[in-house]
1. Which residue, of 79, 61, is farther than 22 Å from residue 141 by Cβ, assigned to a loop (DSSP other than H, G, I, E, B) and open to solvent by 60 Å² or more (accessible area, probe 1.4 Å)?
2. Which of the residues belonging to segment 1-44 are open to solvent by less than 50 Å² (accessible area, probe 1.4 Å) and of a type in the set (Val, Ile, Thr)?
3. Identify, from the list 96, 100, 108, 135, the residue that is touching a helix residue (DSSP H, G or I) at 6+ places or on another chain (Cβ under 8 Å), of a type in the set (Val, Ile, Thr) and loosely packed, with under 15 Cβ neighbours inside 10 Å.
4. What are the residues in segment 82-93 that are surrounded by 10 or more Cβ atoms within 10 Å (Cβ to Cβ) and either modelled with pLDDT of 85 or more or not in a helix (DSSP H, G or I) (or both), if any?
Amino acid sequence: MALLGKMITVFFTAVLLLKVAVGSAVIMHLTYYQTMLSAGLSCVINSFVFTYIFDGAIKWFIKYLHNKFPDHEKKRKKFTWRNRLIVRSKKNFGLIGIAIIAPVLISIPVGAFLGVRFFGERKKVFIYLSISSLIWTTLFYGIFGGWFIVPH
């Protein structure tokens, strides 16, 4: 039962903080496979859930705005420094860039939102976020678990 409690803790911690989840899994002496089962599965499930939730929410919000403010699209959009930064980031890094940094820097829910918002391809967002999360989980387990520490 103690093992199940540890794995559930790592599962729910991995929703927002993958580094902390894998680090705590190592501290709790979970094996690589137990860590991948708890943290990796959590990341894949969260990638799926948040991608499809945000896709529906964005579509609903756009529909709501269009019904509420029908003249909204007729106004000319201004290019501010923020808009330019978003366009430049989207052009330079793309969906793969968002998927790479999401599990580490901005969390999976935010990465799913940005991916769906700027690229709109749910399936690709889910696949890229899942693969990136599993790779980061393996790397963090290697770093925190001592795979990369050379014995003296």
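1. Criteria check complete, one pass: 79.
2. Of everything in segment 1-44, those that are open to solvent by less than 50 Å² (accessible area, probe 1.4 Å) and of a type in the set (Val, Ile, Thr) turn out to be 10, 13, 15, 22, 26, 35, 44.
3. Selected residue: 96, the only one of 96, 100, 108, 135 that is touching a helix residue (DSSP H, G or I) at 6+ places or on another chain (Cβ under 8 Å), of a type in the set (Val, Ile, Thr) and loosely packed, with under 15 Cβ neighbours inside 10 Å.
4. 93
The values are calculated or read from the model by the stated rules, or taken from the named source; none is laboratory data. Computed from a predicted structure; not experimentally measured. Please note: Cβ atoms are built from the backbone with ideal geometry, for glycine as well, and neighbour counts cover all protein chains shown. Only protein heavy atoms, including side chains, enter the accessible area calculation; ligands, DNA and RNA are left aside. Shrake-Rupley method; radii C 1.70, N 1.55, O 1.52, S 1.80 Å.
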